[in-house]
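The values are calculated or read from the model by the stated rules, or taken from the named source; none is laboratory data. Since the structure is predicted, the reported quantities are computational estimates derived from the model, not experimental observations. Counting neighbours? That spans all protein chains shown, and the Cβs are built from the backbone with ideal geometry, glycine included. The area values use the complete protein model at the heavy-atom level, side chains included, leaving out ligands, DNA and RNA. Shrake-Rupley method; radii C 1.70, N 1.55, O 1.52, S 1.80 Å.
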Amino acid sequence: MSALPSTEALVAGIQSWVLCESPSNSPEGIKQMAALVEAHARAAGLRTEVTSLGDATGPLLYITNRAADDTRPGVLVLGHLDTVHPIGTLQDNPCRIEGDRLYGPGTYDMKAGIYLALSAMATLAQPGSSQLPIDFLLVPDEETGSHASRASIERYAANAKYGLVCEPARPDGGSCVTARKGTGMLRLNVKGRPAHAGMQHEKGRSAIREMAHQVLALEAMTDYDRGVTVSVGTIAGGTVTNTVPAQCRCVVDFRVPDMGAAEDVLRRMRNLCAVGPDVELDIDVELNRPPMVRTDAAVALLERAQSFAREAGFDLAEAPMTGGGSDANFTSAMGVPTLDGLGADGNGAHTLNEYILISTLETRVKFWELLLRQLA
């Protein structure tokens, strides 16, 4: 088994990945990022496979230490190649070191996390060097909902005993995640009737007026006690000021803590009815990510992970349920015990102040090596 990399080597490797900008809307950038990760894996002796998901997104990268004939359920590690930062963000948030912080777009979410996991996996490249075979799946579209990669995630999860996700450790001191809300989206279009706003106002049916009723009804579905939030995020309608608007549309985000709440919100949204006469509602609603519910099996996995963390030199706390979704939602919903937020320590995800803490990298990579080698 090869040695784990030093802090200096980890920093240099992470920097090289951060310098490859890979926003979700850049298939070419993600392709280049996948090539960097694949080269790292192949140099360690790991087997890799790149799969195209179409021209609209980057490729899917699969890395494994399985023997060719090993079909046992294993450890599925999940990460994503894409970031939220557009090409050119390095000009505003250059990759740099200030004290204990390594800054740059995608450092914290989640290039450092996948670098740590892969560096640990590289020491276990030979089949049989870990208790269970390790499958590492890196997707190109997590930040936009994993629509193209979800089927692949679920296919690999069907042969997984455990799921480990490289999303960043919580900024509260590095806790991990055992529960996430499910995420959904509603696209609502209202069709009214146009009319001259001055001469024939009474003949018009305002789509914006109707949408105002619907916005209030949707926002009223928020129930903080139950953990349900509904937010009308964008809205647009009308053409010119002297015409009664015939069209209005909005996009709504909703978050739910469990499938009971999800089914309730979906039912209420699908049953929305027009308030005014002679208007039509076009309702398109989906639960994009099912809830990641805290289970006894996940708690047992957490306890194992906490023992490995102590051995590596830090305490791994459990974060409260978070409203943000990740690919852990998919594996958890399939019954695979899953831990999330196992990536790098830092802060500032999705901002121009994103950074990781350099002093924690060696303990984190040691933690990953123990986790991957000893889970059984």
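Take each of the peptides 236-249, 13-26, average the number of other beta-carbon atoms within 10 Å over its residues, and list them starting from the highest. Intermediate results must be reported in sequence, preceding the final value.
Values: 236-249: 15.5, 13-26: 20.4.
So the order, starting with the most tightly packed, is 13-26, 236-249.
Would you calculate the volume per residue, in Å³, of the smallest convex hull containing every Cα atom of region 144-285? Before the final figure, lay out each step's value.
Numbers: hull volume 22.0 nm³, N = 142.
That works out to 155 Å³ per residue.
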When the charge dipole of region 38-86 is computed with +1 on Lys and Arg Cβ and -1 on Asp and Glu Cβ about the Cα centre, the Cα farthest towards its positive end, among A67, A39, G79, belongs to A67
Quick check for me: using +1 on Lys/Arg Cβ and -1 on Asp/Glu Cβ, what's the dipole size of region 223-330 about its Cα centre, in debye to the nearest 20?
100 debye
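Relative contact order for the chain: what is it in percent, counting Cα pairs under 8 Å that are at least 6 residues apart? Provide the component values of the computation, followed by the final result.
Details: 897 pairs, mean separation 90.1, N = 376.
RCO, the chain: 24 percent.
Cα gyration tensor of region 70-113, axes a ≥ b ≥ c as square roots of the eigenvalues: rounded (a/c below 1.5), prolate (a/b > b/c) or oblate? Don't skip to the answer; put the middle values down first.
Details: a/c = 5.43, a/b = 2.17, b/c = 2.50.
Verdict is oblate for region 70-113.
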Mind grabbing the base-10 log of I(q)/I(0) for the chain at q = 0.12, 0.13 Å⁻¹? Debye formula, identical points on the C-alpha positions, no solvent, two decimal places.
-0.89, -1.01
³J(HN,Hα), Karplus 6.51/-1.76/1.60, whole Hz, each residue of region 18-27, x for Gly, Pro:
5, 5, 9, 6, 9, x, 4, 8, 10, x
When each of K111/K181; K31/K161; K31/K366; K181/K366 is checked by Cα-Cα distance, pairs over 26 Å
K31/K161; K31/K366; K181/K366
Using each residue's phi in region 37-47, evaluate 6.51 cos²θ - 1.76 cosθ + 1.60 at θ = phi - 60° and report the 3J(HN,Hα) Karplus result to the nearest Hz, with x for Gly and Pro.
5, 4, 4, 4, 5, 5, 5, 7, x, 7, 7
As an exercise, use a Förster radius of 30 Å and the Cβ-Cβ distance of M199 and T234 to find the FRET efficiency, rounded to the nearest 0.05.
0.40
In degrees between 0 and 90, to the nearest 10, how far off the longest principal axis of the chain does helix 361-374 point, with axes built from Cα atoms?
80 degrees
Accessible surface, per residue, of the chain when the full set of protein chains is kept, probe 1.4 Å, Å²
42 Å²
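In percent, how large is the relative contact order of region 1-140, given Cα pairs closer than 8 Å and 6 or more residues apart? Display every interim value, and only then the final one.
Details: 244 pairs, mean separation 49.5, N = 140.
That works out to 35 percent.
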Can you give the Rg and Dmax of region 44-155 based on its C-alpha atoms, in angstrom?
15.9, 48
Fraction of alpha-carbon pairs over 19 Å apart in region 261-337 - percent:
57 percent
Under the Karplus relation with 6.51, -1.76 and 1.60 and θ = phi - 60°, whole-Hz ³J(HN,Hα) for region 285-302, x at Gly and Pro, equal 10, 8, 8, 6, 10, x, x, 8, 9, 5, 10, 4, 5, 5, 5, 5, 5, 4
Under a 5 Å amide H to amide H cut-off, with H placed in plane at 1.01 Å, what residues pair with V77 once short-range neighbours are removed?
D135, F136, L137, L164
For H147 and M334, extending 7 Å from Cα along the Cα-Cβ vector and measuring point to point gives, in nm, a value of 2.1 nm
Near K203, which lysines are there with a Cα under 16 Å away, not counting those fewer than 8 places off in the same chain?
K191
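Taking the highest mean first, how do the peptides 96-104, 267-275, 169-177 order by number of other beta carbon atoms within 10 angstrom per residue?
On the way: 96-104: 16.0, 267-275: 13.3, 169-177: 19.4.
Highest mean packing first, the order is 169-177, 96-104, 267-275.
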Given +1 on the Cβ of Lys and Arg, -1 on the Cβ of Asp and Glu, and no further charges, what dipole in debye does the chain carry about its Cα centre, rounded to the nearest 20?
500 debye
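Give me the Kirkwood hydrodynamic radius of region 332-376 in Å, from all C-alpha pairs, to one decimal place? Each step should come with its number before you reach the end.
On the way: mean 1/r = 0.0791 Å⁻¹.
Hydrodynamic radius (Kirkwood, Cα pairs) of region 332-376 is 12.6 Å.
Got a number for carbon plus sulfur as a percent of the chain's accessible area, 1.4 Å probe?
Details: 7990 of 15890 Å².
After summing per-atom areas, the C and S share lands at 50 percent.
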